[in-house]
Each structure stands twice: as C-alpha cells, then as structure tokens.
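Everything on this sheet refers to the single structure shown next.
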Amino acid sequence: MQKESLIPSVGVVTDIRQETPDVKTFRVVGLDGKKLFEHKCGQCAMLSVPGVGEAMISITSSPTNEKFMEFSVKKCGCLTSWLHSMEVGQQILVRGPYGNSFPVDTTLKGQGLLFIAGGIGLAPLRSVINYVRDNRENYGDVQIVYGSRSKEDLVDYKEILDEWAADSTIKVNLTIDKAQDNWSGHVGFVPNYVKELQPALSKTVLICGPPIMIKFTLMGLKDLGFKETQVYTTMEMRMKCGIGKCGRCNIGNKYVCKDGPVFRFDELGELPSEY
Amino acid sequence: MQETMIERAKALMESKSVVRVVGWRIGEFGYDVTPSVFTTVDDLNGNFVYNDFCGSNLSKYLVRLSCEEGKVLVFLKPCDTYSFTQLLKEHRIHRDNVYAIGIPCNGKIDIEKVRQAGGEGITAIRSEGSTVIARTLYGEKKFDRKEVLSERCLNCKSKKHVTYDELLGEEGEVLDSHRFDMVEKLEAMSSNERFEFWRNELSRCIRCNACRNVCPACTCEKCIFDNDNSGVSNKAAADSFEENMFHIIRAFHVAGRCTDCGECSRVCPEHIPLHLLNRKFIKDINELYGEYQAGSDMETVSPLTSYTIEDDDPSIVNRRGGGHDA
Amino acid sequence: MLSLLKSKLNEFFELVAKETLVYLPVDNSSGQASYQKWKEGVVYSSALNTVRSAKDFFFPQMENLMDFKMQGKSVEVVDTRVEKEDFVIFGVRACDVASFSILDKVFLADPVDTYYQNRRDHAVIISMACSKPESTCFCPLYGIDATKPEGDLSAWETEDRIFFKANTQKGEVLLNNASRLLEESEGQIVEVQRETTKKILEELPFAHLDLSKFKGENLMELFNSPKWAELSQSCLGCGTCTFVCPTCQCFDIKDFDTGHGVKRFRCWDSCMYSEFTKMAAANPRLTQLERFRQRFMHKLVYFPDNNEGTYGCVGCGRCLIKCPVSMNIVKVIKQLGEE
Amino acid sequence: MSMNGANEFRPNIVAFCCNWCSYAGADLAGTNRLEYPAEVKIVRVPCSCRVNPLFVLRAFQRGADGVIICGCHPGDCHYTSGNYFARRRMTLLFSMLDYLGVEKARTRVEWVSAAEGAKFASVMKDFVQTVAKLGENRRLEDIRCKRQ
C-alpha cells in the first residue's frame, strides 16, 4: 500500500494491446521502469486521468509478474474512452492496490479450480489463472469456461489459445453466444454450457462476468450440486474511493473495498440484497 | 378544523372515493409535523394533525402520488393551491387521480422565530388566539403569535383557493401584500451594498439542495446540478462563484413558474432569504411584462414562454431606477 | 480550578491568537451560530449548537487534494498541502467532541487519511460544557456527558467566569501560556451547575430511547422492515441532515479543470442524493426508500456492528431541528425500535 | 485579463453571436478590414435564444470580464421569434445580476444584422472600453480559474 492513500503515483503506459473491438489491455510501469507496487490476485487499482476522473480497474496481470502490471479495460464511459484513445508513452495516475484477494495461498491451495468468466469478466480471473499456472504444483485440476458474445469479443484470445489451451494440465472450454462462420467451438450461453460440462463437484468455482450471467450460472451450479461456500466472485465494480471511507460501496455492514471485492456466495447471502 | 378534516377524510376513505390521504403527521413536540400519506382510518384518527406548524406545501408530493393506483385526497392551504394549479398547468399531476380539499390558513408559525425569541427546550406548543404557549424544559413561555409568524405569512399574498374540489371553511380574498418591500429596499441600495448583502447571505449556503428539493416548481426528472455531464454538478460550492451560480440558476429556472409559496426560505438550514431572489424575478416580470401570478389560473401564458414585439431591450436594466453603480 | 473572568475573554482570545489561529462560535446575521476565526471585534456566542458541526475543521466541506500539471504525455502530481499551523477550536460541545472519535474510526483506520490526520494533529480542542440543553438533545442516550466534555481542555461557563480543566499536554500548555489571565478559584460552582444540568439531561424526552434492537444480529430483520416505506415517503432527498450531522462522513472526489491545470478536490456528498451510488456497475440504491434506509442503518446498525457497538450518532439534535419535513433519527429509532 | 506595458487593463470579452446575423456581421467586419478589439472572443450560437443563463455565468467563471450577446434585430430572427425570447430572458438575468451587486455594464445585448459589419466593430469597441473602465471581474470570478 502506498503511503498516501489518496495521492496517486504516476505510471507510464508501455504497451497497448487491442484485445477485442472494445477492450484494450494496457501495460503500466512506474516512472523508474519498475512495477508500481505489489498486489495479490483479484485486487484492484484506481486508474485516473486528470480532469477526466478515476475508475477502479482490476489488475489482470499475475502477482508473479515482477516487471509490470496490466489492466484490461472495456470502453464504456468517459474515463475508459479516454484510456482507449491514448498512445504508448502516456502517463496516467495509479493508486492501490485495493481490496482483499482470492484466497489462492490459503483456502484454494490444493483445490481443483473451475474458472467461469463472461466477456470482460475474464480480467480479474486472468490474474488468478496465471498465478495458478506459475504455481501449478499447489493446485488440482484446472478448468476454464469462458464465453463471450462472439469470437472477436473473447479477451486474451491469443493467450488462451497459445498458452492456456496448450497447457495439458488445464482444460479450456470456450463458447460464444451466436454461431458464426469461423467458429467451430461451442455455441451458447455460459450458464447452460457449464451445466452441459458437468464439472466435478469437488472443484472450487471462481466466477466473474455480467450480473445476469453470474445469477444464472450460480443457479445452474446449485442444480448440479455445488454449494454456495464453493463459489467465489468479485464485485470491484461497486468500489469508489477504494479506501473504505467514502460511504458508497457497502452491502449491509460489509464494505466492498475493504471486506471485498472478493466474496464467497454464502457471505453475500447473509447480506441485504442491495447490490 | 383538524376534526372536520379528519371526519371528511374518513368519510371519503370509507366511501372508497379515495384510497389515500396526504396530510400532516403529528410529531414529538407539536411543531415537528411531517407530511405523510395515510391509508387507514385508524392512522387518521391517531396521527393526522392540522395546526399552526403545518407549513409544508403538499402539492409536490402529488407529482409522485397521482401516478399511483387509486385516488388521492390532498388538503391544500390557499398558497398551496397556487402551486397545485401551476403543476396542473405543467401537466405534472394527474388531475383525475386527485381529490383536492381547500382548507383555511391563518398563517403558520416559524418555530425558529420562537426559538430565537427565547423559546428554548420546547416540549409542546400550541396557539390560543393571538398567543402561542410553549411548554419548555425551563417552564412555560408565551409569545405574541404575530411576532413568531413566518415571514411568508406576514406577507401573505392570498387567502383565496384557486383550484379545489371541495372547500372547508370560508373562502378568502386575494390580499394586498407588502411582499416586495424588501426587494425594493435592496434595489435602492448601491451595487456595493447589494453585493455585500448577498455575499453575507449566500456564503452560508451548504448546498444541501433543500430549497430545490422542496420547491413545487422544481420537478425536473434530472436536475442539471445532479447531472455529471452538465459540467456544473459540483456537490459543494468551491467558491463564491459557485454559490452565486447555484442560486441564480435555481431562481431563474423557476422564474415565471414560482408561485412565491416561500418553501425555499422555510427549509433553508442557514436561513438564507431565498424568496428574495424569486420575488425579484416576480417583481421584474410584473413591471416589465405585466402583472402575472403563477398558478392563479390554468390559461394565462407564462411570461418566459411568451413575448410581445414591444418588449424592452435588456438595456432597460441600465435605465431602471434603484441603486447606482459604485 | 483555573478560571477566567468573562470580561477578560476577549483578552484571552487575543493572547491565544498571537500563537495560533483561534476559531469560536459566533452569532451570524441569521441569528444562528457558526464557527469563525477570531479577530478583534468577534464575540463568543454561547449558543448551544452551531448550524454546521465542528467536523468542518477536520473534514471540510470542500478541500483541494492535489494539483495536476500536464504537458504532452507527461503528468505531474503536486501535493498542494501547506504545512498546517496549529489551531485552537473554542467552545466545542460534548456531542461534537464525541463525533471526532467516530470520524477517527473512519479516517484514521487503515489506510490512514493523511489530510484528516494532519488537521487532527494540529488542533487544540477547548470543549464547553452544556448548562441549558435543548429538548432535541439526546446525547445521554449514547453515554455522552454534556456536563463534562472531553477535548484537550474542558471549559464550564458560569454567570461571570469560564472555568478550565486541562485533559492533555496540549491543553496544559495552552493554560500555561494564558496563565497571567487566569486565577485559581473555587470550583464548587461548577459542580453545582453540573448537578443541575445532569438533572435536566436525565429528563430530556429522548435521553432513554430503546436502542436494544439496533445490533448486528437484527440486521436483516431491520433492513427488511416494512416501516421504511412509511418513514421515507416524506423524505425530500435533500442533504440537510447529512450536512449538519457531525458524524456523516461520505464524500466525493472530483476533478476541476481550471483551464490551466487540473485540481482534484474532495467535497461532502450525501447518501440521500439520487446519484450518490451511481457507479460503474449501475446504481444499487435507486429509490429514496433505499437511500433513507442506508443512512439510518449505517448509523444504527452497520457502524456499531463494525466498531464495537459505537453508534454513528451523538445525539446533537441538529437533524431534528433542521430537517425540512421533520423526519429524523429519533422518529426512526422509535418506529423501528419497538417490538 | 491581461496587462500591457503601460499597465492598461485589457478585459476578456466573450461575445455570443447568432449564426445568421451577428456572426455574419462579425465576418463582414473582418472582410471589410474594420478593426475591432482582439479581446473579444466570439462564440457562435445557432440563435441568440440558445444562450442559456448558465452560458453567461460560466463565461464569467472562466475568466470573462464582460459578456455580450448579439442576435438578429427583433423581427428578423431566422427562427421567427428566438430573439424575442432571448430578450426577455437576458433582461431578467441581467436584472438579477445587478440585484446581486454585479456591475450591470458587464453584460449587454445588441442586435447586429449580417449587413452591419461597421456596427459590430463599433459595438465591440464601445463594450470593451466600458468593461475596461470597470476593471477586472471580481464579483463573479472563480479564483481557481485565475492564472497566478
């Protein structure tokens, strides 16, 4: 954690990858060329551009990456549009890291993992997936179910094909919403696909995606026999100041930016449904 | 009057003519009444109140309530009927869904005036004729009712009800008020004095938006000051400019529609005389474009949505009487 | 006890103001009190409460956090804070002093808000005991003793004197510096006054409300109570209660483009405002009912649940006096607290 | 606001000009090589009634010392009646600014047709002189926007 909670550090964008028509991944380092700060899987950082605003973005690179941080950003508002329009070498402001993290070194250790992501929801999970790959011996079977609107909308498609799918210890299942010409894989929505795949009940599930996808996938998982205590999700889109003080992100007595953004579904179940 | 109102409300509710009643709910001390919706006869019997502290204007609640299923009964004081009519004119209220009962008003008491006149620790308060009797933690205190009447009631513009379905009590008259006296006094000051006067007042503003939110003329679905894309949505005034801007725009936006109900000044926690801004617009409109009272009828076209070819140029401002530039 | 003749109060302020800034409650033209900087001619007001609470000193309504300078692709962050001088706040009532420790729990919790901390460190608080509480006061409900306020220095106002008692090193230093104006006098009168006031406090209408229901284990029950609908229906959605409240601490951070640089500022925000929770995902509190519920659940349930039972309210009564529709925390406690 | 060597105050003036008349008038002044003060910054608006009171206020916030609105002569509005509405609005706004103690000479409305290049130039000269005499805008300033 940086010393000054509200004063950001200056970061330099050293690489920009166009992932999909509306998602870009930015590589950011400090002015000294080193990583800005250490983080854990699932934590977020506040990116900001003077005069445009601040936004909480999950850190998509793995903590095991010692050189830089990456952020996958979907273009959808003022700040994200600005980020999409910038060029390599641009300086932006970063503060963080914020929030708790996926319990990769505790509860998840030794477990089989099932990652379920939809669209840009892959961003926070990518950090975990790569962390798990770098510490492969600590985890059991790994399965990734990832769906998107179309083939073009699959974030990190190249990395998925070249690295994840090429790794024989990881099972990757991709799906897109509607059939298209150059796609020979599965077609259909993520919740249904998960049901079809019949994942092993012993796995711990990490899920992130649009709220409606999460809702139906969770229902499907329960039908399969999964318990709420087996499923984790992240709610970083509810964070605002990041430091637990501005008073917005609470769900009942829990603050997303301090007690979250990673929650287990049974924890959420005990809270008012105000999210 | 309170008993008559409760009886009438109960009768209308029992005959299923209305399904809910908007009125005032009794508070802890007699003066802290809350506008409220009553849906049962028991609730009316136990908690409905109409006293010298029922100052809040209920007409704005109808914007929301008249959209709901079933008819709503509303009690309107004379000045509230102006706001009601103005809202009807702007198609903000579904008239068919409202049953309006006009009620008399003898002026409302400003509890802050009572406090400032030495009414500390009030635990109960009532009026008896021209006297206001307060029970306090420090003994009983008496006040001259006229001394603690709210400013807007001392300058009451009308005791006449404009729009209603039924009237309880006697109908009153449009009054000859002195409500522009203070505006005239300000106009007669020098530009410097006016600047100082308003700086002193507006610098206390805490931007709580109570004046805006209570105003029956402020019914925009989304206010420009809440809209992040407007560029003026700052939640706190950063400096004197933003204080002025908020109040100029607030008053301007209701110019020609403000009925001078005085709610803005009543609710201001800092006691800023906001009505003096609204009244300035009303006075200017009256003098430049002919007498106009917003909410006094359903027909007259509002002065800011109309014009005449003979209107004066804005340079009239330089020629009009009043204070001189320093 | 050390005491000061009230006739020498001005001299006292003058003396203290030589070293540090002094703020004190002053009656303004609206007939209400507000904190102002002492200068010659400014007169102390013994009004019970200022309109705005003393939280302004540590968490101002508007503060500049930093400036940004941009050139080409580079950005420079300029911390605009100047080293703050010490300052003295005179006449803080017990409720407001108690509110500081509530704010501390938020702003000094990890990660520390250094802007707040900086001002907190530089303040010397001279509190003032109450002798004439309002009927809207209910600080005894939260165990606050209005006759013996905390702070660096406690003060009691009698007919002709102000009595002081130092509670901290800072307070003692201040008394020492002003020693030539002070005299040792019999403190019996203070004890008598305290006893009389305590009796009034004990009989305040809301001094003994039932808070037993407001605890974490009833969170869901309270949250789902049908009474919120009725309680919130008159709420205008203005920010009066939150802005006059000494413990409300919600804020927003925004940028202002001055045309020759960008200023990032923090300002008060209110959970009562419709756009308050508008975030990347959506707005989870769309109706006034949800926003109204959030404010009171936060003060009465969430906050105590996270802070060893400390309620997020000090019973100063400002919201009771200022709410345009007289809907307030007391009415909420009474409605929801009953079985 | 700017100072030249002789310490003479040169005000910032914002002129909102309607697209159909006054902007063309300003254009004509330019093509006829009629000089008007460089302090005048023109903002083209579709019609004088497009000028919202906020535009005027925000011009002052951003550093204007005077704001002038130019539109078609009454009766000549491209949209028939826009300038009639603008006339009422600006009258009330200027009166309110005066009421708040802002110098009334800082605001003005003038009707300038597309043929009146000379009038445009003389109106601007006169307005700049008037505002220059008043000095810097202090009463509707935003200190944050002032250059140190």
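Only the coordinates and a few stated rules stand behind these numbers; no lab work does. It should be emphasised that the depicted structure is a prediction, and the values quoted were computed from it without experimental measurement. FYI the Cβ positions are ideal-geometry reconstructions off the backbone, even for glycines, and counts take in every protein chain you see.
Assorted remarks:
- Within chain A, the proportion of Cα pairs with more than 34 Å between them is 15 percent.
- Residues whose amide H lies under 5 Å from that of D:ASP65, counting only those 5 or more places away or on a different chain, are D:ASN12, D:ILE13, D:VAL14; hydrogens are built 1.01 Å from N in the peptide plane.
- Integer Hz, Karplus 6.51/-1.76/1.60 couplings in order for region C:255-269, x for Gly and Pro: 10, 10, 8, 7, x, 9, x, 10, 10, 9, 10, 10, 9, 4, 10
- With both residues required to sit in the protein assembly as shown, DSSP beta bridges show an antiparallel share near 60%.
- Each residue of region C:22-33 was assigned a 3J(HN,Hα) from its phi angle through the Karplus expression (A = 6.51, B = -1.76, C = 1.60, θ = phi - 60°), giving 10, 10, 8, x, 9, 6, 9, 5, 7, x, 10, 9 Hz with x at Gly and Pro.
- Taking each DSSP H run with n ≥ 4 as -39500 (n - 2.57) and averaging over every residue of chain B yields -9500 deg cm²/dmol at 222 nm.
- For the listed residue pairs B:LYS280/C:LYS278; A:LYS35/A:LYS178; C:LYS6/C:LYS170, the alpha carbons are over 28 angstrom apart in B:LYS280/C:LYS278; A:LYS35/A:LYS178.
- Normalised by residue count, region B:178-326 yields a Cα convex hull volume of 138 Å³ per residue.
- Peptide ranges C:129-139, A:172-182 listed from the most packed, as the mean C-beta count within 10 angstrom indicates: C:129-139, A:172-182
- For the segment B:240-249, counting C-beta atoms of other chains within 10 Å of every residue's C-beta and taking the mean gives 6.
- Net charge dipole, the protein assembly as shown: roughly 1100 debye, given to the nearest 20, about the Cα centre with Cβ charges of +1 for Lys and Arg and -1 for Asp and Glu.
- Shielding of A:49-60 by partner chains, average beta-carbon count, 10 Å: 4
- Residues whose placed amide H lies under 5 Å from that of B:TYR99, excluding near-sequence neighbours: B:VAL72, B:LEU73, B:VAL74
- A helix-only calculation puts chain A at -5000 deg cm²/dmol for mean residue ellipticity at 222 nm, using -39500 (n - 2.57) for each DSSP H run of at least four residues, averaged over all residues.
- Residues of region B:54-72 with amide N under 18 Å of the 7 Å Cα→Cβ point at B:THR40: none
- Taking amide H positions as modeled 1.01 Å from N, with prolines and chain starts lacking one, the residues under 5 Å from D:VAL43 and 5 or more places away or on another chain are D:ALA15, D:PHE16, D:CYS17.
- Rg and Dmax over the alpha-carbon atoms of the protein assembly as shown stand at 32.2, 96 Å.
- Multiplying each eigenvalue of the alpha-carbon gyration tensor of region A:135-185 by 5 and taking the square root yields semi-axes of 24, 10, 9 Å, largest first, rounded to whole angstroms.
- Whole-Å distance, taken between Cα centres, linking region B:249-265 and region B:1-58: 27
- Listed residue pairs exceeding 20 Å between alpha carbons, taken from C:LYS55/C:LYS84; A:LYS75/C:LYS69; A:LYS24/A:LYS158: A:LYS75/C:LYS69
- Coupling constants for region A:171-179 follow from the phi torsions by the Karplus curve (6.51 cos²θ - 1.76 cosθ + 1.60, θ = phi - 60°), and in residue order they are 9, 10, 10, 10, 8, 10, 5, 10, 4 Hz; glycine and proline get x.
- Residue by residue along D:104-114, Cβ atoms of other protein chains within 10 Å of the local Cβ number 2 on average.
- Unit charges at the beta carbon, dipole of chain C: most positive-side option, C:TRP268, C:SER179, C:PRO149: C:TRP268
- Cβ crowding within 10 Å averaged over residues, with C:262-270, C:177-185 ranked highest first: C:262-270, C:177-185
- Region B:110-149: C-alpha gyration tensor shape, a/c 1.5 cut-off, then a/b vs b/c: oblate
- A helix-only calculation puts chain C at -8500 deg cm²/dmol for mean residue ellipticity at 222 nm, using -39500 (n - 2.57) for each DSSP H run of at least four residues, averaged over all residues.
- Non-local Lys pairs in chain D, i.e. 8 or more apart or on different chains, that have alpha carbons under 19 Å apart: 7
- Ranked by how many other beta carbons lie within 10 Å on average, peptides C:190-203, A:16-29 from highest: A:16-29, C:190-203
- Given charges at Cβ of Lys, Arg, Asp, Glu: the protein assembly as shown dipole, positive-most of C:LEU5, C:SER45, D:PRO11: D:PRO11
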